[in-house]
Amino acid sequence: MRNLLVVIILLACAFTGVINAADAGTFTENSSANVEVDENDTILNERVELRNRLINTLKKERSEVVSLLQVLGESDPFTYDTIAARYPEYFVPGKRRVMLAFHPKVLLLLQEPGEGFSISPFTGVQPNSGVMVSIDGVEPLVNPTAESMRKFIKENAVLLSREDVYLGGWRSELSGDMVIELSRRIEDLATAIKLGKDFDQEGVYSFELGYIATRGEDKLKASKGCGDPEIKLLFSNLIRINSFLDKLLSEDTIDVRRSEKLGKNWSRHAGREAVEPEEQTVITDSELQSAF
């Protein structure tokens, strides 16, 4: 993986060099308009070419990382990290704004959860289609307080930045405890059922069909972080590759200024999570007391 970072940093430096050359370039008063356009076109073409080279390099490195994960997974097939590595696209940071407190509607549902609920953590929108399945291996919050919810948000800010991540909540029939966990909303039923089985879930919930058993035991998450350390490292790098590719591929091919910025920022931020929670009105513990 060192080779991967070296290549990326070198290409990032190349992007930086192009920017500096463009910014430093000047034209004399005697330069004709045609010459000015030609030189600008050359610089633009160089930028696009460098951007495309970076994309191709990342795709090649991603393919190699996936192959390595498959080989390692055969010798370590039943840990959370190995299973999650089969689905890197579900763990790329998203674009949702992460707040320091859940939406006030979450408080209302904690007081009256009914048979259970699913809700977008920061907008309060409740889905009415698709299938909910838990794949993140995050321990649920039991009888959440304002402080425990703030800690939960900070610890899971990267996951909560994804638009497909929701809060699932219910009151335990056995203990009477209120429970909140992270849940994913999946459009396709077959995909959701496969995820439920692979991640050892007891079942998934379809808004159209109701509860569907997937016959797992929900024990896989106990192995999170306990597998082969190389698998964890490769998976982490795979997520970063996918995240950077998503940003590059989402840009217009001609509008390369932002792509150059991404190229410069990669070497600065490689290995760091960029998601930071934003301030929002915090639900107090006194407001939560009535929920329990």
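The values are calculated or read from the model by the stated rules, or taken from the named source; none is laboratory data. From a predicted model like this one, the values you see are computed outputs, not experimental measurements. Backbone-built Cβ (ideal geometry, glycine too); neighbour counts: all protein chains shown. To get the accessible areas, we keep the full protein, side chains included, count just its heavy atoms, and leave off ligands, DNA and RNA. Shrake-Rupley method; radii C 1.70, N 1.55, O 1.52, S 1.80 Å.
Quick notes on this one:
- Of the peptides 56-66, 171-181, the ranking by mean beta-carbon count within 10 Å, highest at the top, reads 56-66, 171-181.
- Surface composition of segment 116-159: carbon and sulfur atoms hold 49% of the protein heavy-atom accessible area at a 1.4 Å probe.
- Normalising by residue count, segment 139-227 has a Cα convex hull of 129 Å³ per residue.
- In Hz, Karplus ³J(HN,Hα) per residue of segment 169-175 (6.51, -1.76, 1.60; θ = phi - 60°; x = Gly, Pro): x, 6, 9, 5, 5, 7, 9
- Accessible area per residue, Å², segment 93-194 with all protein chains present, probe 1.4 Å: 45
- Note on segment 68-183: Cα-Cα pairs beyond 20 Å make up 46% of the total pair count.
- Figure note: 54, 72 ranked by solvent-accessible area, largest first, 1.4 Å probe, ligands and nucleic acids not counted: 72, 54.
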